[in-house]
């Protein structure tokens, strides 16, 4: 195994016009292993290269492509690399990455719609979510309800809370109530 580092030492070269160039370095999922250290921090071993202590995990496109482009950064947010596909990781690494991302991406999923009404162009939903009951007021439904490519809906309420709605997971009564949204 390589030497242990707290952060990457790689510098980003400057472009001809003086600005920084952006490069993506994809990590080989077969050569990386994640593990928890006793402090609870996430550690990443890159076979034959280095071990990085206390790495951060972030989705590059959390809403539009949540299963691809997972950024790995050092404690100081220095870019270490990117994993192209979550599915390319083995099950143990997937579990650790998922645990780490859940700390940052807590988006309640609507599990049932109790009531839905519209008034003066605004939308009100009384719903159960994976985080408990919610009263969701959407002032601008045309702007604040985004249809994603896989039929999910991202709903931002008046307080800037974000919810996810997966129509195929709802009971028939809830599906009927939200049929105007789909």
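So residue 77 clears everything in (1) at positive phi; (2) without any contact (Cβ under 8 Å) to a residue 24 or more places away in the chain; (3) not assigned by TED's automatic domain parsing to the domain that holds residue 50 except one condition, right? Which one?
It is condition (3) that residue 77 fails.
Take residue 33 and tell me if it is surrounded by 13 or more Cβ atoms within 10 Å (Cβ to Cβ) and outside the structural domain of residue 173 (by TED's automatic domain parsing).
yes
Just to be sure I understand, how many residues within segment 88-97 are surrounded by fewer than 16 Cβ atoms within 10 Å (Cβ to Cβ) and either within 15 Å of residue 157 (Cα to Cα) or touching a helix residue (DSSP H, G or I) at 6+ places or on another chain (Cβ under 8 Å) (or both)?
Number satisfying all stated conditions: 1.
Determine whether residue 113 is in contact (Cβ under 8 Å) with a residue 60 or more places away in the chain, in contact with a helix residue (DSSP H, G or I) (Cβ under 8 Å, 6 or more places away or on another chain) and surrounded by 14 or more Cβ atoms within 10 Å (Cβ to Cβ).
yes
For the structure I just gave you, tell me whether residue 62 is modelled with pLDDT under 90, in the same structural domain as residue 76 (by TED's automatic domain parsing) and under 22 Å from the mean Cα position of the chain (by Cα).
yes
When residue 126 is evaluated against the numbered criteria (1) surrounded by 13 or more Cβ atoms within 10 Å (Cβ to Cβ); (2) closer than 30 Å to residue 49 by Cβ; (3) at pLDDT 90 or above, which criterion, by number, is the only one it fails?
Only one criterion in (1) surrounded by 13 or more Cβ atoms within 10 Å (Cβ to Cβ); (2) closer than 30 Å to residue 49 by Cβ; (3) at pLDDT 90 or above is unmet by residue 126, namely (2).
The values are calculated or read from the model by the stated rules, or taken from the named source; none is laboratory data. Quantities reported herein were computed from a predicted structural model and do not represent experimental measurements. Heads up, the Cβs are rebuilt from the backbone with ideal geometry, glycines too, and the neighbour counts pull from every protein chain shown.
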